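Each remark here refers to the structure printed beneath this line.
The values are calculated or read from the model by the stated rules, or taken from the named source; none is laboratory data. Here the structure is a predicted model, which means the values were calculated and not measured. Using ideal geometry, Cβ is built from the backbone for each residue, glycine included, and neighbour counts are taken over all protein chains shown.
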Amino acid sequence: MPFRQAADRHPLVAAILCAALQFGVTLLILEAGKAYAPPAAWGKVKLAAFASTVVLPLLLTQALGLWRAVGLGADRLRPPPFFYACLVPVLMFAALGVRLDARPDVGGEVLMQFVNAFGEELLFRGVIFALLLRLPVWQAIVVNGLLFGSMHLMHGPMDGDWPGAVVWALMSACAGMMFTAARYRTGSLWLLVLLHMVLNLASIFSNVEFVAGPDVNLLVQRATKVVELALAAWVMVGAARRPVAIGAAG
């Protein structure tokens with residue numbers, strides 16, 4: 001398979017191209033919608049862009065022949081201790097309870113976050129993780145996290161707020177590194193989808209800002225990034241002490 005052979009020879013380039021392709025497709029849909037669709041159809045435009053984050057990773061998985069490598073099997077669904085450690089940021093967001101009235105449709109929000117987590121995890125901790133198997137673990141974790149964070153630069157051209165987009169990208173990169181470390185330690189994409197979804201929901205429905213104010217909420221957000229980086233660093237240091245290929249880690 002030519003695509004797979006080229007990706008095996010140049011894993012870093014292949015990983016960057018996959019992330020860039022998703023970025024380009026999503027941005028193209030949104031920009032086209034802004035330019036040609038009526039304002040009343042903007043919701044449908046966003047839905048199409050949202051759908052592309054699931055469809056394109058599935059197509060890439062097929063094109064690269066990665067169905068066995070992306071971690072969709074049901075043989076590793078028992079979470080290891082490290083997975084539970086990755087739930088600490090969730091507990092930090094939920095420390096003061098949750099506000100279910102933060103969004104009008106809780107069920108719809110849960111479904112949307114599941115689809116969002118599935119698409120992003122299939123691309124980054126599935127396809128891109130599989131492409132980065134030949135790299136040392138620390139490089140794979142850092143690159144994967146940075147590529148994940150770079151996707152959130154989308155808010156720059158779309159919202160016209162580049163400083164905010166850069167901050168969002170950096171914060172997302174921290175979460176992306178933790179997610180990649182968890183993927184390395186668990187071997188299961190489904191556990192990562194669950195972790196990603198629960199973390200997003202905890203942030204959305206967190207009661208911290210309502211109870212303690214925006215300053216404390218910002219402090220909690222920054223503290224979660226410290227925890228995420230610390231967890232990623234724990235795995236990177238541990239892997240450096242026992243240098244093995246990512247594929248052999250299981």
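Brief remarks follow.
- Any hit, the range 149-156, residues being out of contact with any Ser or Thr (no Cβ under 9 Å at 6 or more places or on another chain) and of a type in the set (A, V, I, L, M): yes
- Residue match in the range 200-223 (condition: within 12 Å of the chain's Cα centre (by Cα), assigned to a helix (DSSP H, G or I) and either at pLDDT 95 or above or polar (S, T, N, Q) (or both)): yes
- Among the candidates Leu47, Leu21, residue that is at pLDDT 90 or above and closer than 20 Å to Pro157 by Cβ: Leu21
- All positions within the range 95-118 that are modelled with pLDDT of 95 or more and either small (Gly, Ala, Ser) or farther than 22 Å from Phe148 by Cβ (or both): Ala117
- Test: residue in the range 106-121 that is buried (at least 17 other Cβ atoms within 10 Å of the Cβ), acidic (Asp, Glu) and under 15 Å from the mean Cα position of the chain (by Cα): yes
- Applying the criterion of being part of a helix (DSSP H, G or I) and free of Cβ contacts under 8 Å to residues at least 40 places away in the same chain to the residues of the range 57-71, the residue that is nearest to Gly187 (Cα to Cα) is Gln62.
- Of the criteria (1) under 16 Å from Gly149 (Cβ atoms); (2) surrounded by fewer than 22 Cβ atoms within 10 Å (Cβ to Cβ); (3) not aromatic (Phe, Trp, Tyr), which one Leu194 fails: (1)
- Yes/no for Gly164 being in a helix (DSSP H, G or I), without any contact (Cβ under 8 Å) to a residue 24 or more places away in the chain, touching a His at 6+ places or on another chain (Cβ under 9 Å) and not β-branched (Val, Ile, Thr): yes
- The range 226-250 - residue that is β-branched (Val, Ile, Thr), at pLDDT 95 or above and in contact with a helix residue (DSSP H, G or I) (Cβ under 6 Å, 6 or more places away or on another chain) and, of those, farthest from Pro11 (Cα to Cα): Val227
- Listed by first and then second residue, the pairs with beta-carbon distance under 6 Å, at least 6 apart or on different chains, first residue in the range 178-204 and at positive phi and touching a residue at least 24 places away in the same chain (Cβ under 8 Å), second among the small types (Gly, Ala, Ser) and surrounded by fewer than 20 Cβ atoms within 10 Å (Cβ to Cβ), are Gly187/Gly250.
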